[in-house]
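Q: Supplied in structure tokens, the structure appears directly below.
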Amino acid sequence: MSKINLLTGKRILLGVTGSIACYKAVDLASKLTQAGAEVDVILTEGAQRFVMPLTFRSVTGRPSYTDMWSLDDHVRHVGLGETADLFVIAPATAHTMAKLATGLADNLLTVTALAARCPILIAPAMDGGMYGHPATQANVATLRERGVQFAGPAVGRMASGLAGLGRMVEPAELLGFIRQAVAQGGPLAGRKVVVSTGPTREPLDPVRFISNRSTGKQGLAVAQAALDAGADVTVVHGPISEPIPFGATAVPVQTTEQMGEAVLSAAKDADVLFMVAAVADFRPNTQSDKKIKKTDEQWGLAIGLEVTLDILTAVKTERDKSGYPRIVLGFAAETHNAFEYGRDKLLRKGLNFIAVNDVTDQGAGFAVDTNKVLLLSSAGVVEEMPMQSKTAVAERLVHHVANSLNGSAH
Ligand code: CTP
């Protein structure tokens, strides 16, 4: 079933240790809770000098834990560690990392880390040369060898006023690392996915171009859904203002020709290509390398258009030889006869799936957050999706593609 958000209902254990970056952990706990996760927080004694358990309780709506053990909950460490989907330690001091590397268990956080069976993600935070010190580096290496994942640290200004490597990564970025860690083992784990999105621009002169109204929203939602399913994602995008999802490799392009080159190169060993971009079908047949002046009337009269490269057709030619990408999903923007035109494009471009949207429908198509899509395969209608968020549409598309790739019927 569609879940809208990867973190909904996920149990995140957040271990907080004694660093000034504790204030960022509060923001992280809030962001995780808003994303639908159940966040249990464990504070070390050091952490409580910077921030109170009540601060976390206020943002998570759940109890936060300290070393105040009682007889009733003497197995708390086992319970917390067993039910969590991910144990995030942020900020993690050099001292806590040293304890984790050697297996010391002298507080609730380190005891729980030993008992935990879920993945562990550490966001180090420390000052000066501490992170670069051979002792810390050896501890990082030991923990990595055991499968512990790391987020950062980042380069920047630290509490001492010095700048260097040791700052905890910002909560928004850490959220990206957490999504990535939770996504591991999803239905597209280990799969390479390429998504094209946005418009392309065909220049007339250095200041003018032909383009379209695409904002890239649907393609970015597909990229996020593929990341959430555990895929390794490359986004080939035309000029758009929305951010590329954390964890994806971005390949910015301008023209159809550049997009074609980038898509063909990224897709040559990909499992899936989602061709969501609104590619410009025409470009000026001449281009001026100087700005065309108003007085150059004959230029305006002489200008004609020529058809651009059809990227999906070029992909088909390569795919017929190599077998890659294994699954190709195209989009079709139609204003009428959606089924017939969609089916025709699917066959002509050799696609496994085509997502047809009627761009005349209010709330579907360009620059809105919703879409209404008819998903077709060569066997016929796969799913008729009612108007819903582009995020929800993206999840349905990824679901069908993953099923097809993994060999289950749908
Ligand atoms: N597409 C492409 N290369 C182009 C134009 C479109 O690869 N030069 C891709 C789009 O990314 C989309 C699919 O082809 O996945 C269908 O795009 P659409 O604009 O609906 O169809 P066109 O092939 O351009 O046909 P028409 O304009 O006649 O509807």
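The values are calculated or read from the model by the stated rules, or taken from the named source; none is laboratory data. Because the structure is predicted, anything quoted here is derived from the model rather than measured. Note that we place each Cβ from the backbone using ideal geometry, even for glycine, and neighbour counts take in every protein chain shown.
Q: Look through region 283-316, keep the residues that are within 16 Å of the ligand (Cβ to nearest atom) and touching an Asp or Glu at 6+ places or on another chain (Cβ under 7 Å), and return whichever of them is modelled with the lowest pLDDT.
A: Step by step, filter region 283-316, then rank; the result is Asn285.
Q: Follow-up question, since we're still on this one. Pairs, please: C-beta under 7 Å, at least 6 apart or cross-chain, first residue in the same structural domain as Ala159 (by TED's automatic domain parsing) and in region 44-68, second of a type in the set (Ser, Thr, Tyr) and modelled with pLDDT under 95?
A: Gln48/Thr66; Pro53/Ser64; Pro53/Thr66; Phe56/Ser64; Arg57/Ser64
The rows are residues; the columns are (1) in contact with a Pro (Cβ under 7 Å, 6 or more places away or on another chain); (2) on the phi > 0 side of the Ramachandran plot; (3) at pLDDT below 95.
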| position | (1), (2), (3) |
| --- | --- |
| Ala135 | no, no, no |
| Thr142 | no, no, no |
| Met158 | no, no, yes |
| Gly161 | no, yes, yes |
| Ala183 | no, no, yes |
| Pro187 | no, no, yes |
| Lys192 | no, no, no |
| Asp205 | no, no, yes |
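Q: Are there any pairs with C-beta distances below 8 angstrom linking a residue in region 295-322 that is closer than 17 Å to Val263 by Cβ to a residue that is among the acidic types (Asp, Glu) and outside any helix (DSSP H, G or I), with the two at least 6 apart or on different chains, and if so which?
A: As it stands, the answer is Thr308/Glu202; Thr308/Asp281, since those pairs meet every condition given.
Q: Of all residues in region 125-160, how many are surrounded by fewer than 18 Cβ atoms within 10 Å (Cβ to Cβ) and in a loop (DSSP other than H, G, I, E, B)?
A: Adding up the residues that qualify gives 8.
Q: If you don't mind, another one. When residues of region 166-185 are filtered for being surrounded by fewer than 19 Cβ atoms within 10 Å (Cβ to Cβ) and over 13 Å from the mean Cα position of the chain (by Cα), how many remain?
A: 2
Q: In this structure, does Asp289 turn out to be surrounded by fewer than 12 Cβ atoms within 10 Å (Cβ to Cβ) and either in the same structural domain as Gly230 (by TED's automatic domain parsing) or closer than 21 Å to Val193 by Cβ (or both)?
A: yes
Q: Would you tally the residues in region 317-357 being within 13 Å of the ligand (Cβ to nearest atom) and over 27 Å from the mean Cα position of the chain (by Cα)?
A: Residues meeting the conditions: 18.
Q: I need the full set of residues from region 95-118 which are touching an Asp or Glu at 6+ places or on another chain (Cβ under 6 Å) and part of a helix (DSSP H, G or I), in order please.
A: Once the filter is applied, which keeps residues that are touching an Asp or Glu at 6+ places or on another chain (Cβ under 6 Å) and part of a helix (DSSP H, G or I), region 95-118 yields only Leu108.
Q: Next up: Scan region 13-27 for residues that are hydrophobic (A, V, I, L, M, F, W, C) and without any contact (Cβ under 8 Å) to a residue 40 or more places away in the chain and jot them down.
A: Listed by number, the list holds a single entry, Val26.
Q: Restricting to region 161-179, give me the number of residues that are part of a strand (DSSP E or B) and touching a residue at least 24 places away in the same chain (Cβ under 8 Å).
A: Counting residues in region 161-179 that are part of a strand (DSSP E or B) and touching a residue at least 24 places away in the same chain (Cβ under 8 Å) gives 4.
Q: Could you check Met130 against (1) in contact (Cβ under 8 Å) with a residue 12 or more places away in the chain; (2) closer than 29 Å to Thr8 by Cα and say which number it fails?
A: (2)
Q: Could you tell me whether Asp232 is at pLDDT 95 or above, more than 16 Å from the ligand (Cβ to nearest atom), outside the structural domain of Gly36 (by TED's automatic domain parsing) and of a type outside the set (Lys, Arg)?
A: So Asp232 fits the description; yes.
Q: Examine region 324-339 for a residue that is among the charged types (D, E, K, R) and either without any contact (Cβ under 8 Å) to a residue 60 or more places away in the chain or touching a Phe, Trp or Tyr at 6+ places or on another chain (Cβ under 6 Å) (or both), and state whether such a residue exists.
A: Checked region 324-339: at least one residue is among the charged types (D, E, K, R) and either without any contact (Cβ under 8 Å) to a residue 60 or more places away in the chain or touching a Phe, Trp or Tyr at 6+ places or on another chain (Cβ under 6 Å) (or both).
Per-residue answers, yes or no, for (1) part of a loop (DSSP other than H, G, I, E, B); (2) away from the ligand (no atom under 15 Å from the Cβ):
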| position | (1), (2) |
| --- | --- |
| Ala181 | no, yes |
| Pro187 | yes, yes |
| Gly190 | yes, yes |
| Val195 | no, no |
| Gln224 | no, yes |
| Leu227 | no, yes |
| Gln258 | no, no |
| Val263 | no, no |
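Q: Mind checking which residues of region 246-262 are of a type in the set (S, T, N, Q) and crowded, with 19+ Cβ neighbours inside 10 Å?
A: Matches in region 246-262: Thr255, Thr256.
Q: Between a first residue in region 374-402 that is under 19 Å from Gly216 (Cβ atoms) and a second residue that is in a strand (DSSP E or B) and of a type in the set (Lys, Arg), which pairs have beta carbons less than 7 Å apart while being 6 or more apart in sequence or on different chains?
A: none
Q: Then there's this: Quick check on this structure: which one of Ile240, Ile210 is touching a Gly at 6+ places or on another chain (Cβ under 7 Å) and either within 13 Å of the ligand (Cβ to nearest atom) or touching a residue at least 24 places away in the same chain (Cβ under 8 Å) (or both)?
A: Ile240
Q: Is there any pair linking a residue in region 220-232 that is at positive phi to one that is in a helix (DSSP H, G or I), with Cβ under 6 Å and at least six apart or on different chains, and which?
A: Gly230/Ala183
Q: Quick test of your reading of the structure: Gly15 fulfils all but one of (1) outside any helix (DSSP H, G or I); (2) modelled with pLDDT under 95; (3) buried (at least 16 other Cβ atoms within 10 Å of the Cβ). Name the failing condition by number.
A: (2)
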